[in-house]
Ligand SMILES: N[C@@H](CCC(=O)N[C@@H](CS)C(=O)NCC(=O)O)C(=O)O
């Protein structure tokens, strides 16, 4: 049975979302974000060296990094679903959007969260928070453009939609105005309507 180290309101939702889409059986070990147990020497030694989630265990395999876990799952358990064929035109777009999430969007989400929530108020910087939010808004623009005439970023719904889509959902959650990006706004709504997303987001 697959095991997912999970925390609500974290990137671990991406993995649970894909597992639900794939209808695979899995068990959760759930932590709260900030739980000291995730910072313990045992957790760092055995589960994640930085004390984070998600981590997936599949028999002898243990793997961290949400994007890598999604790619692992679709490649090893996907039976050709949730990832375009390697020789197809959609494949490069799939890789691009699979990585755009952690590469471009999440650093801004992280900075914004650090400057508005994680740091004690006296160390927070309004300037840094505003810059992160502005950059994040700009970095969402290419997704709106890519969605012209499409429901999903790389052919059928894929793991790339979970990665970049979940970052866009987070961006909406922190108050980015999507009204000037109507295709992205509709995409976010479309993703949030998926039954598998609803299950994962409520875990
Ligand atoms: N790039 C990593 C990021 C992992 C990460 O930073 N996870 C956060 C939650 S989204 C975490 O576990 N934080 C633990 C904590 O702050 O207590 C991934 O995509 O999996």
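Of everything in the range 19-32, what is more than 9 Å from the ligand (Cβ to nearest atom) and within 25 Å of residue 113 (Cα to Cα)? Give them in sequence order. I'd like the intermediate steps shown before the answer.
Residues of the range 19-32 that are more than 9 Å from the ligand (Cβ to nearest atom), as a first pass: 19-30.
Matches in the range 19-32: 29, 30.
The single condition from (1) part of a helix (DSSP H, G or I); (2) surrounded by 16 or more Cβ atoms within 10 Å (Cβ to Cβ) that residue 84 fails is (1).
Could you check how many residues of the range 168-189 are crowded, with 16+ Cβ neighbours inside 10 Å and either outside any loop (DSSP other than H, G, I, E, B) or not assigned by TED's automatic domain parsing to the domain that holds residue 117 (or both)?
Restricting attention to the range 168-189, the residues satisfying the condition of being crowded, with 16+ Cβ neighbours inside 10 Å are 168-172, 174, 176, 178, 181, 183-185, 187-188.
Applying the additional criterion that residues be either outside any loop (DSSP other than H, G, I, E, B) or not assigned by TED's automatic domain parsing to the domain that holds residue 117 (or both) yields 168-172, 183-185, 187-188.
Count: 10.
Only one of the numbered conditions (1) touching a residue at least 24 places away in the same chain (Cβ under 8 Å); (2) in a helix (DSSP H, G or I); (3) surrounded by 19 or more Cβ atoms within 10 Å (Cβ to Cβ) is not met by residue 135, and that is (3).
Looking at residue 114 and the list (1) within 23 Å of residue 138 (Cβ to Cβ); (2) within 11 Å of the ligand (Cβ to nearest atom); (3) in contact with a helix residue (DSSP H, G or I) (Cβ under 7 Å, 6 or more places away or on another chain), which single condition is not satisfied? Of the numbered conditions (1) within 23 Å of residue 138 (Cβ to Cβ); (2) within 11 Å of the ligand (Cβ to nearest atom); (3) in contact with a helix residue (DSSP H, G or I) (Cβ under 7 Å, 6 or more places away or on another chain), the odd one out for residue 114 is (3).
A search for C-beta distances below 8 Å between a residue of the range 33-45 that is more than 9 Å from the ligand (Cβ to nearest atom) and any residue that is assigned to a loop (DSSP other than H, G, I, E, B) and modelled with pLDDT of 95 or more, counting only pairs 6+ apart in sequence or on different chains, returns 37/31; 40/51; 43/51; 44/50; 44/51. Which residues, counting only those in the range 46-84, are more than 8 Å from the ligand (Cβ to nearest atom) and in contact with a strand residue (DSSP E or B) (Cβ under 6 Å, 6 or more places away or on another chain)? Residues satisfying the conditions are 47, 55, 56, 57, 58, 63, 72.
The values are calculated or read from the model by the stated rules, or taken from the named source; none is laboratory data. Here the structure is a predicted model, which means the values were calculated and not measured. With ideal geometry, Cβ positions are generated from the backbone for all residues, glycine too; neighbour counts draw on all protein chains shown.
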